[in-house]
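S.K.: Pasting a structure here, questions to come.
Just so you know, all these numbers are worked out from the coordinates, no wet-lab data involved. The structure presented is a predicted model; accordingly, all values stated were derived computationally and were not measured. All Cβ positions, even for glycine, are placed from backbone atoms using ideal geometry, and neighbour counts span all protein chains on display.
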Amino acid sequence: GNSVTQMEGPVTLSEEAFLTINCTYTATGYPSLFWYVQYPGEGLQLLLKATKADDKGSNKGFEATYRKETTSFHLEKGSVQVSDSAVYFCALSLNTNAGKSTFGDGTTLTVKP
Amino acid sequence: SAVISQKPSRDICQRGTSLTIQCQVDSQVTMMFWYRQQPGQSLTLIATANQGSEATYESGFVIDKFPISRPNLTFSTLTVSNMSPEDSSIYLCSVGGAKNIQYFGAGTRLSVL
């Protein structure tokens, strides 16, 4: 079956620190990979995505590279801000899934000033 | 993209009562998804709702407890029936978009006393 494993949280960083949240996956097929972010009191929203091997998704200073050989899609940001405090979900989707994604457990990030 | 309006945004309910959550999308979509997100945990898919057919429920969720309506391509409701404190959670509506991206409502925060 399909599954996503995320680095356990919570993660607490100081402002301007470097962020990495690890994500690995297993899939029966060739998935698209996503990072979603959930700010307090809100639903999930797409942060970035990649659809094929070696693609790099990027948005708002966050990056993740689709690594087929290691089945990974780690999220990175060079300098986090307090406003980045949120829950981050790694996800995969296959064209056979009728639009559904498989989500990781989420990683809570708190950035302190 | 899709804009999803979900209501109520939060509610406090008494044990044994039922609550109906509404989800309105700004465009016509085939699939709508209902998730439960318990505090500090990931998303659990409750069911997939297709217009004009019975919803498809995931293991552990039954229609008597979580009846779903899907009267047209832009609207769905989820009812949480005969509630108990264990039903306290965030309920999220989602739709699938192009390139397998999912769009989410802001969620309904339910507390059952």
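S.K.: Quick check on the exposure proxy: order A:Met7, B:Met83, B:Met32 from fewest to most C-beta atoms within 10 angstrom. Working shown, then result.
M.R.: Working: A:Met7 17, B:Met83 21, B:Met32 26.
Going from least to most buried by this count: A:Met7, B:Met83, B:Met32.
S.K.: Then there's this: By its C-alpha gyration tensor, with a ≥ b ≥ c as the square roots of the eigenvalues, how is chain A shaped: rounded for a/c under 1.5, else prolate for a/b larger than b/c, else oblate? Could you put the intermediate results ahead of the total?
M.R.: Details: a/c = 2.03, a/b = 1.67, b/c = 1.21.
Because a/c hits 1.5 or more and a/b exceeds b/c, chain A counts as prolate.
S.K.: Please state the charge dipole magnitude for the protein assembly as shown, taken about the Cα centre, from unit charges on C-beta atoms (+1 on K and R, -1 on D and E), reported in debye and rounded to the nearest 20. Intermediate results must be reported in sequence, preceding the final value.
M.R.: Values: 17 positive and 18 negative charges, 62 e Å.
The dipole magnitude comes to about 300 debye.
S.K.: Would you kindly work out the equivalent ellipsoid of segment A:16-55 from its C-alpha gyration tensor and give its semi-axes, the square roots of five times the eigenvalues, largest first in whole Å?
M.R.: Working: eigenvalues 100, 45, 20 Å².
Those come to 22, 15, 10 Å.
S.K.: Okay, next question. How high is the relative contact order of segment A:56-106, in percent, with contacts defined as C-alpha pairs under 8 Å that are six or more residues apart? Working shown, then result.
M.R.: Numbers: 51 pairs, mean separation 11.1, N = 51.
After rounding, I find 22 percent.
S.K.: So, one more: Within the set of other residues whose C-beta is less than 10 Å from the C-beta of B:Ser89, count the net charge using Lys and Arg as +1 and Asp and Glu as -1.
M.R.: 0
S.K.: Please report the net charge: other residues with Cβ closer than 12 Å to the Cβ of B:Ala47, K and R +1, D and E -1.
M.R.: Local charge sum for B:Ala47: +2.
S.K.: While we're here: Would you kindly state how much longer the chain becomes between B:Ser69 and B:Gln51 on full extension, computed as 0.36 nm times their sequence separation minus their alpha carbon distance, in nm to one decimal? Mind showing how you got there, number by number?
M.R.: Working: separation 18, 0.36 × 18 = 6.48 nm, distance 0.85 nm.
This chain segment gains 5.6 nm when fully extended.
S.K.: Given H placed 1.01 Å from N in the peptide plane, which residues other than close sequence neighbours of B:Ser88 have an amide H under 5 Å from its amide H?
M.R.: Distant-sequence amide H within range of B:Ser88: B:Val112.
S.K.: Could you give the dipole magnitude of chain B about its Cα centre, charging the beta-carbon of Lys and Arg +1 and that of Asp and Glu -1, in debye to the nearest 20?
M.R.: Details: 8 positive and 7 negative charges, 42 e Å.
Here the size comes out at about 200 debye.
S.K.: Taking only the alpha-carbon positions of the protein assembly as shown and ignoring solvent, what does the Debye formula give for the base-10 log of I(q)/I(0) at q = 0.09, 0.10, 0.13 Å⁻¹?
M.R.: Reported log10 I(q)/I(0), two decimals: -0.37, -0.46, -0.77.
S.K.: Which whole-number percent gives the relative contact order of chain A, counting Cα pairs below 8 Å spaced six or more residues apart?
M.R.: 36
S.K.: Now for a separate question. Tell me which lysines have Cα within less than 23 Å of A:Lys112's Cα, excluding those fewer than 8 residues away on the same chain?
M.R.: A:Lys60, A:Lys77
S.K.: Moving on to the next point. If you plug each phi of segment B:93-106 into the Karplus form 6.51 cos²θ - 1.76 cosθ + 1.60 with θ = phi - 60°, what whole-Hz ³J(HN,Hα) values come out, in order, with x for Gly and Pro?
M.R.: 9, 8, 10, x, x, 4, 6, 6, 6, 9, 10, 10, x, 6
S.K.: With +1 on each Lys and Arg Cβ and -1 on each Asp and Glu Cβ, and nothing else charged, work out how big the dipole of segment A:1-101 is about its Cα centre, in Debye to the nearest 20. Before the final figure, lay out the partial values.
M.R.: Working: 8 positive and 10 negative charges, 84 e Å.
In debye, rounded to 20, segment A:1-101 gives about 400.
S.K.: Shifting gears a bit: Could you work out the Kirkwood radius for segment B:8-73, taking every pair of different alpha carbons, averaging 1/r and inverting it, reported in Å?
M.R.: On the way: mean 1/r = 0.0745 Å⁻¹.
Taking the inverse mean of 1/r over all distinct Cα pairs, segment B:8-73 comes out at 13.4 Å.
S.K.: So, one more: Take every Cα pair under 8 Å in chain B that's 6+ residues apart, average their separations, divide by the length, and report that relative contact order as a whole percent. Walk me through the numbers on the way to the answer.
M.R.: Working: 281 pairs, mean separation 42.4, N = 113.
Relative contact order of chain B: 38 percent.
S.K.: Now a separate question. Roughly how large, in nm² to one decimal, is the mean projection of the convex hull of the alpha-carbon atoms in chain B? Could the numbers behind the result be given before it?
M.R.: On the way: hull surface 26.5 nm².
For the Cα atoms of chain B, the hull's average projected area reads 6.6 nm².
S.K.: So if each residue of separation counts as 0.36 nm, and I subtract the Cα-Cα distance between B:Ser81 and B:Gln38, what length gain in nm does that give?
M.R.: Value of the extension gain: 13.8 nm.
S.K.: To continue, here is another question. Calculate one ³J(HN,Hα) per residue across segment A:72-82 by plugging θ = phi - 60° into the Karplus curve 6.51 cos²θ - 1.76 cosθ + 1.60, and present them in order as whole Hz with x for glycine and proline.
M.R.: These are the phi-based 3J(HN,Hα) values: 10, 7, 6, 8, 9, 8, x, 8, 7, 10, 4 Hz.
S.K.: Based only on other Cβ atoms within 10 Å, what is the fewest-to-most ordering of A:Asp105, B:Asp64?
M.R.: Working: A:Asp105 17, B:Asp64 7.
If I rank by nearby Cβ atoms, fewest first, I get B:Asp64, A:Asp105.
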